[in-house]
């Protein structure tokens with residue numbers, strides 16, 4: 001009887017913890033400011049891309065999420081008539097694309113809504129990145145974050161570094177980088193960085209996310225095959 | 001003498017007429033078949049040269065960006081997007 005009572009009290013206290021539903025909005029700042037410094041320090045020959053790094057402007061990015069879905073998008077629109085060129089940071093931060101991550105009971109699924117590359121709008125299902133979890137920690141906006149990295153399978157060199165916080169226990173993230181044991185608050189890809197600048201959890205106004213519907217779907221494999229057929233780059 | 005000169009003048013004029021008609025016929029037929037095509041071919045070559053320059057320029061930039069990130073342009077669709085935007089921009093400005 002005493003044991004049963006103990007178990008009941010235990011579950012009584014535990015239930016609200018597990019059923020706690022966090023929703024929120026995270027604002028990030030995307031920047032390529034370190035690119036010029038990188039070129040000056042590391043490059044021996046003249047860079048062909050210094051003009052796009054010089055022209056790059058910081059971009060604000062938003063991740064909205066609730067317990068079932070997250071939506072990621074940039075706040076800037078591309079200026080197609082600009083003959084001086086595009087904003088490189090905007091393209092690196094996802095450009096006109098939107099990214100959705102779904103949290104089902106069994107697993108997370110991430111999709112890109114891309115209306116540019118194939119000349120029509122497609123929902124492309126992304127593969128789960130193969131993360132290597134590290135012990136390094138740092139604080140971002142007061143949240144303790146852990147480091148995870150992605151290596152290039154071709155040469156094992158690091159291609160991306162992510163910082164996630166287990167305090168926000170969703171596997172949502174930035175663009176198609178997701179699937180870590182906590183929400184991603186920062187990514188670093190060479191000289192390009194996206195960092196959380198404002199974290200709003202459980203705001204008074206309910207977070208509304210519309211699922212993309214009515215678009216043609218492609219698996220990542222199908223998408224890559226189409227791109228490979230039309231690729232001007234030889235492996 | 002006057003009659004002979006008159007006959008001679010008539011003959012020369014006829015020959016000149018025939019020559020002029022013949023030449024214009026030759027020119028007319030060659031205009032239809034050869035000249036427009038060769039002109040078109042030159043234009044196509046020029047256009048192709050410009051587009052080809054844009055391809056090389058865009059590819060060089062994408063390879064550099066990907067290389068800096070320890071990647072190959074085929075590793076991520078992002079690089080294809082950068083390539084397409086660079087190529088479109090170049091074509092719009094230069095071609």
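The values are calculated or read from the model by the stated rules, or taken from the named source; none is laboratory data. The structure displayed is predicted, hence computed values, not measured ones. Neighbour counts run over all protein chains shown; Cβ positions are idealised from the backbone, glycine included.
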**OP:** Taking the residues in segment A:152-168 that are outside any strand (DSSP E or B) and at pLDDT 95 or above as candidates, determine which candidate is surrounded by the fewest Cβ atoms within 10 Å (Cβ to Cβ).
**Re:** A:166
**OP:** Quick one: residue A:36 ticks every box in (1) away from chain B (no Cβ under 14 Å); (2) surrounded by 12 or more Cβ atoms within 10 Å (Cβ to Cβ); (3) modelled with pLDDT under 85; (4) not in a loop (DSSP other than H, G, I, E, B) except a single one, so which number is it?
**Re:** (1)
**OP:** Confirm whether residue A:185 is surrounded by 14 or more Cβ atoms within 10 Å (Cβ to Cβ), under 24 Å from residue A:134 (Cα atoms) and at pLDDT 95 or above.
**Re:** yes
Original post:
Mind checking which residues of segment A:130-151 are closer than 21 Å to residue B:71 by Cβ, away from chain B (no Cβ under 14 Å) and not in a loop (DSSP other than H, G, I, E, B)?
Top reply: A:132, A:134, A:147, A:148
Original post:
Residues of segment A:114-129 being in a loop (DSSP other than H, G, I, E, B) and either touching a helix residue (DSSP H, G or I) at 6+ places or on another chain (Cβ under 9 Å) or within 13 Å of chain B (Cβ to nearest Cβ) (or both), which ones?
Top reply: A:115, A:116, A:117, A:118, A:119, A:127, A:129
Original post:
For segment A:196-206, does any single residue satisfy the condition of being in a strand (DSSP E or B) and closer than 30 Å to residue A:40 by Cα?
Top reply: yes
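Answer yes or no: is there a residue in segment A:31-38 that is closer than 30 Å to residue A:208 by Cβ and in contact with a strand residue (DSSP E or B) (Cβ under 7 Å, 6 or more places away or on another chain). Write out each step before concluding.
Residues of segment A:31-38 that are closer than 30 Å to residue A:208 by Cβ, as a first pass: A:31.
Next, from what is left, pick out any that are in contact with a strand residue (DSSP E or B) (Cβ under 7 Å, 6 or more places away or on another chain): A:31.
The answer is yes, given that some residue of segment A:31-38 is closer than 30 Å to residue A:208 by Cβ and in contact with a strand residue (DSSP E or B) (Cβ under 7 Å, 6 or more places away or on another chain).
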**OP:** Report, ordered by the first and then the second residue, all pairs with beta carbons closer than 6 Å, sequence separation of six or more or different chains, a first member in segment A:72-90 that is more than 11 Å from chain B (Cβ to nearest Cβ), and a second member that is modelled with pLDDT of 90 or more and assigned to a loop (DSSP other than H, G, I, E, B).
**Re:** A:74/A:93; A:74/A:94; A:89/A:32; A:89/A:56
Original post:
What is the number of the single condition among (1) in a loop (DSSP other than H, G, I, E, B); (2) surrounded by fewer than 19 Cβ atoms within 10 Å (Cβ to Cβ) that residue A:109 does not meet?
Top reply: (1)
Original post:
Out of segment A:189-225, which residues are in contact (Cβ under 8 Å) with a residue 12 or more places away in the chain, surrounded by fewer than 15 Cβ atoms within 10 Å (Cβ to Cβ) and within 14 Å of another protein chain (Cβ to nearest Cβ)?
Top reply: A:219
